[in-house]
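See structure below.
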Amino acid sequence: MKHPLLACLLFVFSLPLLAQENVTLSGYVRDASDGETLIGATVSLQGTGKGTVTNDYGFYSLTVAPGDYTVVVSYLGYKNQRTQVELYGNLTRDFALGEAGSVLEEVVVTAIQEDDNVSDVQMSVERLDMGTIEKLPSLLGEVDVIRSIQLLPGVTTVGEGAAGFNVRGGSIDQNLVILDEAPVFNSSHLFGFFSVFNPDAVKGVKLYKGGIPARYGGRLSSILDVRMKEGNNQQFEMQGGIGTIFSRLSVEAPLVKDKSSFLLAGRRSYIDVLAAPFLDDNLSGTRLNFYDLTLKTNYRFSDKDQVFLSGYLGRDVFSPGDAAGFSWGNATGTLRWNHLFSDKLFSNLTVYYSDYDYAIDFGDEPDQDAFNWDASIVNTSIKPEFSYFINPDNVLRFGGQAIYYRFEPANAIAVSGGEEIDISLSRQWALESSVFLENEVTLFDRLKLNYGLRLSHFAYLGGRNLYEFGAAPRPGLARPLTGIEATERNEVIDDWLYLEPRAAAQYSLGGSRSLKLSYQRTVQYIHLLSNTTASIPLDIWTPSTNNIEPQLADQVALGYFQNLRDNTYELSLETYYKDFRNLIDYIDGADLILNEFVEGQILAGDGRAYGLEVQLKKTKGRASGWLSYTLARSERLVPGINNDAWYPTRFDQTHNFNLTAFYELSDRVSLSGTFVYNTGTPTTLPNSGYYQLGYYVPYNAGDARNNFRIPDYHRLDVSLTLDPKKEKADRRWRGQWIFGVYNLYARRNPFTIYADQVEGRTLPGQAINTEAIKLSVVGSIIPSVSYNFTFK
């Protein structure tokens, strides 16, 4: 047969046509107390072995033969609901589950249904609900999404206070962070100490590290999908918290009960307010704070149509006085429309806007020298997606997306001696589009598949000068500029078309055991230009151009999963290998700031990352938590760097160990703790030096890249949570105290190491004292007290 793949697809999709006439039960599963949809709730028909789970919008569809059934709806932490139905025609039925209440003998810490980690075809996925995240010890008492995922296997960071995170050997720009579908280009407040996500507005978090489904694209390493709450459509509810350096408040309520609701949540830090009485007149105008505002509303027009509108606005402000300032922030807006074409066909149309920008200002007097610089990356997108529930064992998903980018690397004006000098960089534009087809099917009782194709296209558009560079004199040096050509706006200067296959398989071994295998190809068309130790707000995003090729990655992963002792313990072992191409690096001494010809200083190379991830999780009982260990390597090979030999990346960590534990002392008091141990990350240090004019000049003989490692990182955090007394738990106002200690034994974890010598010139004949200086961002115990409250 000439087309075996086409024949297999036709066979799979035609299976339901060969069966008898079936009927469909469909609807939504919600929380009875606030109307929030429940993602991943199980809807099954008792005694038949047939069942399904709700999608990301709480919708389910179950197609079976006509008959009388007992429908069982379950979700961890909620009471099971059983309902008798006479299913002789298509039926729409919504379910509202009530919370299970306080169960002293058992505390469940998980975000998925029992045995889902074994039975689900998806691997390399981490899920955290806010109930789990809120139990974790935190810096200064503030619940943090980004810090929470760094406790999971395969997820690392380069150091204390570093923005972003690294997944399976990828750089931070290779993670797509989305908030209600809209990308967030800088996910950190206060230079990486806190994330931009307000915990009172977050519903759940899902991290894809591998086996990424075909419906996702645009980044090489991971997808962090953060879903916002929809707002309580049953009653008014107010939540908030008062912390050591900032406070938060959220309000949610129905606009039309059972049909429409809203959520409004805000935070602001007040370091500058607390410090103001102690500052002298020169710093009287100091502003050092961050704030964010999150809004969401929705309206259910009918059983078939519901519209959601959400937005985020956040900013960090650092201004040491009135004459200088530095600020950065994100703004996003998302409009979503859920529509049911039939009991089997569910659609979601998403339109979003995302803007990340930063600004620097120096000098505010008319006769003084001044400098003003702002930059941004703005993108708008439309994304239709469809899910066709053929039967409980066969789901077809398809859709597409178009993203329009505008890059503004620098709008910069300098004033010197009363004369303005425009040193701005040209804008850039690009268009990214994609379509996908994905099928999840159970072929036999023991075998499940999820396979799909994603076709992506990227066009680099005109509107600025086109630069051409010649060959470098030798590998590792800058390429000389050879030509400049003007282009027309929206003219296609260069474009790329890639096919991205995705596949995952799960084979049940019986006894709550399974093997899983996945493969993915991912393509990334936009790039973050950064040669600092950790990402900073001033880093520049750029599209693929005639001088910068798209980055590509292929990953294969194999895993073993088993649940023990009636699903009390979950064990997983995953091994992976990733192959990278067209990764970006830079010549030595590259100038990335305000450089119109920066493309001539960019190098391209290959990469590889491989490792083993082990996790043991205890999900039930008064004592719960997880232990994870990752053994991994992340390396690059770039012509002209490290003598053309493989070298470790800046975020390579051989060993990564995390222990997270929770213990319920009583119905009021709970303890939690986390211990983290990481191998030190690589850095480049001189291995020799020479004397010149009384100074010692360090030198890196052999031009080795990342030739040393900083000392290993380890830290212990603990917290105690005090809930209200049982007789007060049913009151409208509920208060909760959290006492925490970050870095309990005051470990001075180094962020970086650099070489230096004593100040001043040494006289002839005197010894020159040199030293390696270890810089620690946090070097002491940080206690915290915070008070959280809920009012209904």
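Here are the numbers:
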item: Cα long-axis angle, helix 4-18 against the chain (0 to 90 degrees, to the nearest 10); result: 30
item: Mean Cβ count within 10 Å, highest first, over the residues of peptides 483-490, 40-47; result: 40-47, 483-490
item: With every protein chain in place, the chain: carbon and sulfur % of accessible area (1.4 Å); result: 57
item: The chain: relative contact order as a whole-number percent, Cα under 8 Å and 6+ apart; result: 11
item: Most positive-pole-ward Cα, L335, G325, S302, against dipole of segment 299-342 from beta carbon charges; result: S302
item: Approximate spin-label separation D667-L477, in nm, with each point projected 7 Å along Cα-to-Cβ; result: 7.8
item: Order by protection proxy (mean Cβ within 10 Å, highest first), peptides 385-395, 295-305; result: 385-395, 295-305
item: Charged-residue dipole, Cβ positions (Lys, Arg, Asp, Glu), segment 447-518 about Cα centre, Debye nearest 20; result: 720
item: Whole-Å distance, taken between Cα centres, linking segment 683-723 and segment 53-100; result: 57
item: Mean residue ellipticity (222 nm) of the chain, computed from DSSP H runs ≥ 4 via -39,500 (n - 2.57), nearest 500; result: -1000 deg cm²/dmol
item: Estimated FRET transfer efficiency when R0 is 51 angstrom, pair R406-L447 (beta carbons, to 0.05); result: 0.65
item: Theoretical FRET efficiency, 1/(1+(r/R0)^6), r = Cβ-Cβ of N490 and K725, R0 45 Å, to 0.05; result: 0.10
item: Extension gain (nm, one decimal) between L345 and L255, 0.36 nm per residue minus Cα-Cα; result: 29.5 nm
item: A645 versus S302: modelled label distance in nm, points set 7 Å from Cα along the beta carbon direction; result: 7.0
item: Residue-span extension gain [T568 to D588] - 0.36 nm each, minus C-alpha spacing; result: 1.9 nm
item: Simple Cβ-charge dipole of the chain, Lys/Arg +1 and Asp/Glu -1, about Cα centre, in debye nearest 20; result: 2700
item: Entries of K617/K726; K259/K296; K229/K296; K203/K296; K257/K792; K206/K792 with Cα pairs more than 18 Å apart; result: K617/K726; K206/K792
item: Alpha-carbon Rg/Rh ratio, for the chain, with Rh computed the Kirkwood way; result: 0.97
item: Per-pair calculated FRET efficiency, R0 = 35 Å: V718 and T684 via Cβ, rounded to 0.05; result: 0.45
item: Segment 499-541 shape via C-alpha gyration tensor axes, a/c threshold 1.5; result: oblate
item: Relative contact order %, segment 554-640, counting alpha carbon pairs below 8 Å whose residues are six or more apart; result: 29
item: Simple label model, 7 Å out from Cα along Cβ direction - A623 to I782, nm; result: 3.0
item: Cα gyration tensor of segment 625-717 - equivalent ellipsoid semi-axes, whole Å, descending; result: 42, 18, 7
item: Residue-span extension gain [N90 to A324] - 0.36 nm each, minus C-alpha spacing; result: 77.7 nm
item: Order by protection proxy (mean Cβ within 10 Å, highest first), peptides 705-712, 515-522; result: 515-522, 705-712
item: Solvent-accessible heavy-atom area per residue, rounded to whole Å², over the chain at 1.4 Å; result: 43
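The values are calculated or read from the model by the stated rules, or taken from the named source; none is laboratory data. What you see is a predicted model; the values in this text were computed from it and never measured. As a convention, Cβ positions derive from the backbone with ideal geometry for all residues, glycine included, and neighbour counts pool all protein chains shown. With ligands, DNA and RNA removed, areas are computed over all heavy atoms of the protein, side chains included. Shrake-Rupley method; radii C 1.70, N 1.55, O 1.52, S 1.80 Å.
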